[in-house]
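What follows draws every value from the coordinates through simple rules; no lab data is involved. These numbers come from a predicted model, not from an experiment. Ideal geometry is used to build each Cβ from the backbone, glycine not excepted, and the neighbour counts take in all protein chains shown.
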Amino acid sequence: MTIDVQARRTGHTREVVITAETKPCCDTDCCGGTTEETTTTPEEAGAVKALVRAKYGALAASGEAGCGCGSACCGDEVSMVGEAYDDVEGYVAEADLRLGCGLPTKLAAIRPGDTVLDLGSGAGLDAFIARTLVGAGGEVLGVDMTPEMVARARQNAAKLGYENVRFVEGDIEALPLEDGRVDVVISNCVLNLVPDKRRAFAEMFRVLRPGGHFTVSDIVVRGGLPGAVRRSAELYAGCVAGAVEETTYLDWLREAGFEEVRVLEEKVIPVPDEVILEYVDADELAAYRRRGGAIVSVTVYGRKP
Ligand SMILES: C[S@@+](CC[C@H](N)C(=O)[O-])C[C@H]1O[C@@H](n2cnc3c(N)ncnc32)[C@H](O)[C@@H]1O
């Protein structure tokens, strides 16, 4: 399959234009993921992953801060992070493609000597911050399914001279790691892109040791996001297409076996009425606002018993 990816801005929204020989990106699953309302077939999940690889592969190859989940492609209008890692020890500018939506590593209670796994490690930003926390006696593993991202992260690691930070190509739905291998799982704005989130949560549970814990930042929605609003938000802010309801997300984590599941931090991502009104009428918008509809960046903690 040949895939071409281009990002462009038009007015309030930006488009990621993907040309593929197969079905083009055209609906809510553009950016990946399964919503509660839809069931993804293996073929659709495969197509979503191919599109995600193409999009993030292009970003990694360009090395420019991107149109992923972060604010960079949307100017100052949208900020998913709110604060940045810039002042945190271990921050590496070359690894920061502005694709995160929280500061999970800062909140992950990582201790010296821990083995940390970063899911969807991108160019390595969270992994390098984790390396500062685990020290020379610990270990950091990054897993990402986009070869160009893994290559970029490895280049960054080589420049830094870290021997205990490794980046591996692999899929979060089938982690290339043995059971109970890690103490802490982190992830930054990735799980919304994964078609089978329950499978991903089960894999997190499997690779953690008993007593191990995770801290992940991600995008969730509240108030039953109508399809048209979801599409407008995706064009405006990104990483919303595959986001599920917050309550569903937390339930799925508990169903995977985690306890003490809780939101450590949250930030509502403002999508202005005028943007949504390009897609829905005023009544639908008012109903959505009355239901407390929102798109939220959350940082979630949970522990394996
Ligand atoms: C929005 S970027 C975030 C990258 C990084 N965490 C950061 O904050 O800079 C999402 C990353 O997740 C990776 N990814 C998405 N779905 C994945 C999956 N199923 N398995 C492994 N990696 C995945 C993409 O390749 C991409 O590098």
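Taking 0.36 nm per intervening residue step and subtracting the Cα-Cα distance, what contour gain separates Ala286 from Asp179 on full extension? Walk me through the intermediate numbers first.
Working: separation 107, 0.36 × 107 = 38.52 nm, distance 4.78 nm.
Using 0.36 nm per residue and subtracting the Cα-Cα distance, I get 33.7 nm.
Could you check the spin-label model distance between Asp196 and Asp251? Points 7 Å from the Cα along Cα→Cβ, value in nm.
Going from the Asp196 label point to the Asp251 one covers 2.0 nm.
Classify region 135-219 as rounded, prolate or oblate, taking a ≥ b ≥ c as the square roots of the eigenvalues of its Cα gyration tensor: rounded when a/c is under 1.5, otherwise prolate if a/b is larger than b/c and oblate if not.
Details: a/c = 1.90, a/b = 1.26, b/c = 1.51.
Oblate.
Using each residue's phi in region 92-99, evaluate 6.51 cos²θ - 1.76 cosθ + 1.60 at θ = phi - 60° and report the 3J(HN,Hα) Karplus result to the nearest Hz, with x for Gly and Pro.
Once θ is set to phi - 60°, the couplings for region 92-99 become 10, 4, 5, 8, 9, 8, 6, 10 Hz.
How far is it, in nm, from the label point at Val168 to the one at Ala84 when both lie 7 Å from their Cα along the line to the Cβ?
Here the modelled spin labels are 3.2 nm apart.
Grab the Cα-Cα distance for Arg303 and Ala158, subtract it from 0.36 nm times how many residues apart they are, and report the gain in nm with one decimal.
Values: separation 145, 0.36 × 145 = 52.20 nm, distance 3.23 nm.
Result for the pair: 49.0 nm of gain on full extension.
Could you give the distance between the Cα centres of region 147-178 and region 203-247, to the whole Å?
23
Take Lys55, Lys159 and order them by how many other Cβ atoms sit within 10 Å, fewest up front. Numbers along the way, then the final one.
Numbers: Lys55 26, Lys159 11.
In increasing order of surrounding Cβ atoms, one gets Lys159, Lys55.
Need one number: nm distance between label points at Ala93 and Arg209, each 7 Å from Cα along Cα→Cβ, rounded to one decimal.
Placing both labels 7 Å along Cα→Cβ, they lie 3.8 nm apart.
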